[in-house]
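Here the structure comes first, spelled out in C-alpha cells, and everything after it is commentary.
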Amino acid sequence: MRIRPRIKWLQVAAAVFALSVIVSACAGSSGSPGASNSGSPHKTLKIDFANINDESAFFHSVTQGMKDAEKTIGSDVKVRYYDNKSDGNTTLQNARLMVNDHPDLIIEFYGTEAVAKSAERLFKDANIPCITVNVPGAGGCTWYDLYNPSLCGQTGTAMGKIAAEKGWNGSNTAVILVAAASFGPEINTCQGYYYEELQKYVPGITKISSYKDITLSTTRVGSTTYQVNGDGLLDKTFNSVTNVLQAIPSSKHLIVYPIGDDMAIGAWRALDQANRGSNSIIAGLGGDPRTLVQLRTNPSWVAEGDIFISHWGELLLPMAKAILEHRTTPALTTSPLAVLTKNLTVPNTLIAPMSNFYKGSETNATELPPLVPVKDGDLPGLDKQGPVGNDYLGAIDWLRKFGNVSGLS
Amino acid sequence: MTQTSSMPAKRHSYLGLPTGWVTPQSLFRALEISGLFTFLLALGVVFALSSGQFLTASNFRAILTTSAVLGIVAIGQTFAIIAGGFDLSVAGVIPLASVLYAMTSNAGVPTPLAILAMLALGAVVGLINGLVISRVGIDPLIATLAMLSITGGFAFTVTNGVSVPFDHDYAGVLADSGPLGLPVHVWLVAGLVIVGVLVLRYTVFGRMVYALGGSREASWLAGVRVSGLTTAVYVLCSMMAALAGVVLASELLSGSGNLGTDAALNSVAAVVLGGGSLAGGVGTVWGTAVGVLILGTLANGMALLQISSFYQTIATGVVLLLAVAFSRLRAALAPRFYRVTSEFISEDTAAAVTEEVT
C-alpha cells in the first residue's frame, strides 16, 4: 500500500536529477570562459596543463611556475591543472579529461613518449591545439624543450676549457659520462653532444665523429672515456661510478658529466669517497638548489647546466598565445638555458657566471637568459634538422609582463 | 625407530638430529655452501682473467662498499624468507629511514639517537607488517606491498620529492673509513652476518624461525607462538631495512625518496642465490652473504669489463634464474640425502621442538 507512492516519488526525483544533470552538462559545454566571453573584446584563454609528476619537487616547480605565471598575466588566461604521475595510463586518462574540458589549448608534459600517439590523436580529433613538453611526441603538437646540443654541448665547452687550462690531456685524464638509460634515447643524446665539444678542447682524448657515436649501449670510447648508467638515481650512480673508478688509475685526472643533478650528487659522493674529488672536475644538469650550492662552494664543481625549470610557465603561456594567434612557431621552442660557471664567460654562448642569474646565495633565479634567435639545428630524437629557438616569444606581450628576461624590455 | 628411542633427547636439535654429528643434512648443506663459494670464486677468476683491475685491494673495497647496504637488507630478508614469508616493504623503509635520518640529523639530534630513532621506526613498520600478516591473515605479498607503497609515499611526502643533504658531515659517520681502509658500515655488516649466523644456528629463536617456515601448523602444535614469532621476524626485517636506509644516507651524505628502489627484489634474489627457498624453512645468513657478494661481484666485474647496463641486467637475471634452478635441483635431490634419517626426523621433530621451546 505504501510502496507505490514511494516508487512514484523516487521516479520523479530520478527524473529531476537526470534533467538537472543534462541541463548542467549542456551549460558546462558552452560555459568555458572563452565561450562565455565570445563577442566581447576581452577573451580569457582557457588552457589545460598536465604536468609530468607533481609529487616530485623538481617537476612540481613547473606547476608552481605556471601558477605564478598565470597570476602575473592576470585575467587573460585561466589554467586548469592535471598530474600525469609519471604514468602512461594516467597520462591518457588526463588527456581524455582535458579533451572533455574543451580548452583553447592543451599543454602536455609527458612522462613517457609511449602514450604520445594516442593522446595526440585525441587532441587532433577534438581539434584542440597542443604543446608537448620534454619530448617531441608524435608530431601532432608543438614541441617545447631544453636543447641538448646547446646545453650539453656548451657544458662540454666550459669543462673542456677549464680542463685545458689545468693542462689536462688524453694521457693524464679520463672522462666519465653518466647516462640515464631509463630516460630514453632523446634525453641521452646529451652525453654525445657534450663529448663532441669537450674533445675539441682536451687534446689527446679519444675522438668521436658525431654525437651519435655515443649511445645508451656505449660503455667505452677508446682508451680515455667511460660511460656508466646511473638511471637518474643517486644510489645507483654512486655504485656505478664507484665501480668504474676501479678501472681508472688513481693518477688520472677525471672529467665527470652526469646528465642529471641527482646523478651528479651521487657521482660526486663516489669521487669524494674514493679520495679522487680533488683530482676531478664535475658538472651537473638541471639547476637544482643543491647543485647550485655545490657550484658556489665546491672547487671541483665547475659548471651547471641550468634549465630554469621553475620559470617554464613564463614561456609556455606566451607560446600558447602565439599558437592561438596563428604565429609561426619553430619545430622546437627552447626553454631558457645557461651553462653556469664560477666565473668563466664565453662570449656568444650560454656560458656565464651564475652570479648573472642568481643574487647572493639565492637558489631562485632573478634574471633569465636572453631569448635565442630561431635558426636551423639538430632536432634530438627526431634525427633530422629543423628551426629551433624562442625569440619569437619576445613579440608576445605576456612575456614582457615578467620583466626578467635579459634583453627584453 | 629403535635408533630414535635409544638416542638421549637432550642431544637432539629441533630437527631431531644429534647435535655436533656429521649428518647427511649437514653434509648436503656444506656442499651447498661450498658450491656457492665455488661459484663466487669462479666468477672472481673469470673477472680476474678478463680485467687487470679486478684483483686489487681497492677493487675488493669497492665490492664490499657497494654490497654493504644490500647485505644489511638481505640479512633481515633471510629471516623473513626462512620463516615462510618475505618483505617487499624494505624498498619503502629504506628511503623513508634515509630522509628521516637526514632530517633528524639536520635538526640537531645526536647521531646515535637519530640512528636509534630510525631503528624504532623500522620496528614500528615491522610490527604493523607482522600484525597484519599474522593476526589479520593477509598474505605477506599484499601486506608488505601495501606497506611499501605507504612508506615510499611518506618518504616523498615529507621531503616534497627532493633529496635532503646532510648539514653536518658527522651524520655520515657510518660511512667513515675504518680498519683496513674499509668503511665502518662494511664492518657493521660483517658483525651483523656473524650475529645472524649465531642467532639462526644456536638460539631457540633461530630454530623456531626454521620450524615456522618448515611448517606453521607443526610449529603451532609444538607450542610455538606462531603470531608473535611472525611479528618478531617482520620487526627484525624492517629494522634491518631502516638501518640500511641510515647506512645508505650516510654513504651518500643525503637522504632521498628514491633510494633503494630495487632493494626488495635484490634482497630476495640474494637470499635465493644463497640457498634460501621461497617455500620457507630453508636458508642461511652465510649463504645470503655469499649471494650478496655474488651480485656485488657480478655488477663490479661487468662494470670493469665495460659491459652495457642493458646486458648487465640480463646477466643478473640469468644468474638469478640459474640460482633458482639450482634451488629446485636441490629440492629434488634433498629427499635422497634425507631419506636415511627421514623416519628419525618425522618421529622426533615435534618432541624436540616442544622440548626446546619449553
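Rule-based calculations on the coordinates, nothing more; no lab input. In this text the structure is predicted, and so the values were computed from the model without any measurement. Backbone-built Cβ (ideal geometry, glycine too); neighbour counts: all protein chains shown.
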- Just the C-alpha atoms of region B:143-216: what Rg/Rh do they give, with Rh taken as the Kirkwood radius? 1.15
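Hey, what does the equivalent ellipsoid look like for region B:192-287, semi-axes from the Cα gyration tensor as sqrt of 5 times each eigenvalue, largest first, whole Å? Provide the component values of the computation, followed by the final result.
Working: eigenvalues 158, 40, 34 Å².
Whole-Å semi-axes of the equivalent ellipsoid: 28, 14, 13.
Can you give the local net charge around A:Ile205? Use residues other than it whose beta-carbon is closer than 15 angstrom to its beta-carbon, Lys and Arg +1, Asp and Glu -1. Intermediate values should be presented prior to the final figure.
On the way: positive: A:Lys161, A:Lys166, A:Lys200, A:Lys207, A:Arg220, A:Lys252; negative: A:Glu196, A:Glu197, A:Asp213.
Net charge around A:Ile205: +3.
Scaled to the compact-protein estimate 2.2 N^0.38 Å, what is the alpha-carbon radius of gyration of region A:305-407, rounded to two decimal places? Present the calculation step by step, with values, prior to reporting the outcome.
Working: Rg = 14.3 Å, N = 103, 2.2 N^0.38 = 12.8 Å.
Expressed relative to 2.2 N^0.38 Å, the Cα Rg reads 1.12.
Nearest 20 debye, what's the magnitude of the dipole of region A:118-221 about its Cα centre given +1 on Lys and Arg Cβ and -1 on Asp and Glu Cβ? Present the calculation step by step, with values, prior to reporting the outcome.
Details: 8 positive and 8 negative charges, 56 e Å.
That gives a dipole near 280 debye.
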- For region B:255-307: span of alpha carbons on each principal axis (Å, largest first): 38, 30, 15
- Note on the structure: Projected onto the charge dipole of the protein assembly as shown (unit charges on the beta-carbon of Lys, Arg, Asp and Glu, signs +1, +1, -1, -1), the Cα from A:Leu340, B:Val46, A:Ala322 with the largest positive-side position is that of B:Val46
- Reciprocal of mean inverse Cα separation for region A:217-347 (Kirkwood radius, Å): 16.5
- Item | Between 0 and 90°, nearest 10: helix A:88-101 axis offset from chain A longest Cα axis | 40
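Can you give the calculated 222 nm mean residue ellipticity of the protein assembly as shown, where each DSSP H run of n ≥ 4 adds -39,500 (n - 2.57) and the sum is split over every residue, rounded to the nearest 500 deg cm²/dmol? Before the final figure, lay out the partial values.
Numbers: 26 runs with 409 residues, N = 767.
Result for the protein assembly as shown, helices only: -17500 deg cm²/dmol.
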- By how many degrees, 0 to 90 and rounded to 10, does the Cα axis of helix A:312-324 deviate from the longest principal axis of chain A? 50
- Item | Cα-based shape type of region A:197-282, given that a ≥ b ≥ c are square roots of the gyration tensor eigenvalues and the cut on a/c is 1.5 | oblate
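If you put +1 on each Lys and Arg Cβ and -1 on each Asp and Glu Cβ, how big is the dipole of region B:152-309 around its Cα centre, in Debye rounded to 20? List each step's numbers first, then the result.
Numbers: 4 positive and 6 negative charges, 134 e Å.
Result for region B:152-309 is approximately 640 debye, rounded to the nearest 20.
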- Relative contact order computed over chain A (Cα-Cα under 8 Å; 6+ residues apart), in percent: 13
- Message: To test your reading of the geometry: what angle, between 0 and 90 degrees and rounded to tens, separates the Cα axis of helix A:261-273 from the longest principal axis of chain A?
- Response: 30
- Message: Using a Cα-Cα cut-off of under 16 Å, which aspartates and glutamates could be cross-linked to A:Lys321, ignoring same-chain neighbours fewer than 8 residues away?
- Response: A:Asp48, A:Glu70, A:Asp76, A:Asp104, A:Glu108, A:Asp391, A:Asp397
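Taking a ≥ b ≥ c as the square roots of the eigenvalues of the Cα gyration tensor of region B:108-174, is the shape rounded (a/c under 1.5), prolate (a/b larger than b/c) or oblate? The partial results should precede the final answer.
Working: a/c = 3.80, a/b = 1.85, b/c = 2.06.
Verdict is oblate for region B:108-174.
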- Can you give the relative contact order of region B:124-263 as a percent, counting alpha carbon pairs under 8 Å and 6+ residues apart? 44
- Task: Could you quote the convex hull projected area for region B:60-213, Cα atoms only and averaged over all directions, in nm²?
- Result: 10.2
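Classify region A:50-100 from the C-alpha gyration tensor, please: rounded if a/c falls under 1.5, else prolate or oblate depending on whether a/b exceeds b/c. Could you put the intermediate results ahead of the total?
Values: a/c = 4.92, a/b = 1.37, b/c = 3.60.
Verdict is oblate for region A:50-100.
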- Hey, which of these cross-link pairs are over 30 Å Cα-Cα: A:Lys67/A:Lys384; A:Lys46/A:Lys85; A:Lys78/A:Lys212? A:Lys67/A:Lys384; A:Lys78/A:Lys212
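With charges only on Cβ, +1 for K and R and -1 for D and E, what is the dipole size of the protein assembly as shown about its Cα centre, in debye, rounded to 20?
Values: 48 positive and 51 negative charges, 243 e Å.
Using Cβ point charges on Lys, Arg, Asp and Glu, the protein assembly as shown gives about 1160 debye.
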- Message: Projecting each Cα onto the charge dipole of region B:173-313 (Lys/Arg +1, Asp/Glu -1 at the beta carbon, about the Cα centre), which of B:Val224, B:Val189, B:Val285 comes out farthest on the positive side?
- Response: B:Val224
- Using the Kirkwood formula on alpha carbons, the hydrodynamic radius of chain A in angstrom works out to 22.9
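Looking at the protein assembly as shown, what % of its DSSP beta bridges pair antiparallel, to the nearest 5? Display every interim value, and only then the final one.
Values: 15 of 61 bridges.
Counting only bridges with both partners in the protein assembly as shown, antiparallel ones make up about 25 percent.
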- Which log10 I(q)/I(0) values, to two decimals, does region A:248-304 give at q = 0.14 Å⁻¹ under the Debye formula with one point per Cα? -0.31
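Kirkwood hydrodynamic radius for the protein assembly as shown: how many Å is it when counted over pairs of different Cα atoms?
Details: mean 1/r = 0.0345 Å⁻¹.
Answer for the protein assembly as shown: a Kirkwood hydrodynamic radius of 29.0 Å.
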- Of all the C-alpha pairs in region A:313-372, what % are more than 14 Å from each other? 63
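Over the Cα atoms of region A:39-131, what is the Rg over Rh ratio if Rh follows Kirkwood?
Values: Rg = 13.4 Å, Rh = 13.5 Å.
Rg/Rh: 0.99.
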